[in-house]
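Only one structure is covered here, and it is reproduced in the block below.
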Ligand SMILES: [Zn+2]
Ligand SMILES: [Zn+2]
C-alpha cells in the first residue's frame, strides 16, 4: 500500500517536473544549455553522455590509477603504480568510475551544493557498472560512506558520499553501515590544499565508532572523488586498526595528473578531500 502511494507520488512528481520544465525552461547545470525535457537530473544529454566515460587503461592493479608505462602496456611487468609498489595505501583495492573532468567536477558540485539528490542514485548506478567490469566479484559485508565531521554535516545537512553509498548498497544488496566510521578531526577551512597538506589533514582524522563491530568485516568504502587517495587511506587505516579484513574503495571520479585546473565558477570545489 505504502509502496503504491510512493510510486504514485513519484509519478506525480515526475509529471510536475516535466510540466514545470515546459513552463519554466531550465538551463543544464553543467553547460547552461536550455533543457528540452523534464528530468530529475538537470543536465542536458551531451553532458550526461560526457559523464559516462571510463578511465584510460592500463590501470594500477591495486589503486586503479591509470599508468603510462610502455613496459606495462606491453604486458611485461605487473601493473602496479610506484605508490602501490611502496605500500603507501592501506586499502586493498580502489577503483573509480570516470575521470575528474571539468564536467564531472560540476556534476559532483551539484550533488554537494545544488540540492540534486537523484544524482546520488545516478552515480550509484555508474558504480554498479564499474563493479560489473571487475574481473573478480566484490564480496563485502558492509557499504560505508566516507564521513563528514559534525560541523560540516550540520552546515550542509547531508553527506554527499552517503547520497551515493546508500543507493549503491541497495542496488548491490549489501548492508549500508554509515555509523561504522566517524571523522574526529574537522577539515581545515582552507579550500585548496596541496598534495602534502591533503595527507597531513586526514592522517588520524577518522576512527571507527566505539560501538561498531568491525572485526573481520569486508568493507566497501564510498567517496565522490579520489584525488591523492589520502582520504580513502585514512578511513581504511581506521577500519583495519579496528580489525576489518578487507577494504575496497570506490569513487565516482578520479583526479588525473592531466586533470584541468578548476575554472571560474567552481573554484570552491574541494576535490572531496
Ligand atoms: Zn549540458
Ligand atoms: Zn597504485
TODO: Can you tell me the order of 240-247, 221-228, 210-217, 103-110 when each peptide is scored by its average per-residue count of other Cβ atoms within 10 angstrom, highest first?
DONE: 221-228, 103-110, 240-247, 210-217
Task: Tensor-based shape of the stretch 104-186 (alpha-carbon gyration tensor, a/c under 1.5 rounded, otherwise prolate or oblate) - done: oblate
Task: Modelled FRET efficiency - R0 35 Å, residue 196 with residue 136, Cβ distances, 0.05 increments - done: 0.55
Open item on the list: I want to make sure I understand the PRE zone here: with the label point 7 angstrom from the Cα of residue 128 toward its beta carbon, which residues in the stretch 139-170 have backbone N atoms less than 15 Å away?
Closed with: 164-170
- [ ] With the Cα gyration tensor of the stretch 57-254 in hand, convert its eigenvalues to equivalent ellipsoid semi-axes via √(5λ) and list them largest first in whole Å.
- [x] 24, 19, 18
- [ ] Starting from the Cα of residue 241, step 7 Å along the direction of its Cβ; do the same at residue 209; then give the gap between the two resulting points in nm.
- [x] 1.9
Task: Packing-based order for 196-203, 143-150, 178-185, 165-172, using average beta carbon neighbours within 10 Å, highest first - done: 143-150, 165-172, 178-185, 196-203
TODO: For residue 153, put the label point 7 Å out on the Cα→Cβ axis and report which residues of the stretch 175-199 keep their amide N under 20 Å from it.
DONE: 175-189
- [ ] Output the Cα-based Rg and Dmax of the stretch 174-224 in Å, rounding Rg to one decimal and Dmax to a whole number.
- [x] 13.4, 37
Task: Between the stretch 77-106 and the stretch 140-216, the alpha-carbon center distance in angstrom - done: 18
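None of the figures in this text is laboratory data; all of them are computed from the coordinates on show. Since we're looking at a predicted model, the values are computed, not measured. All Cβ positions, even for glycine, are placed from backbone atoms using ideal geometry, and neighbour counts span all protein chains on display.
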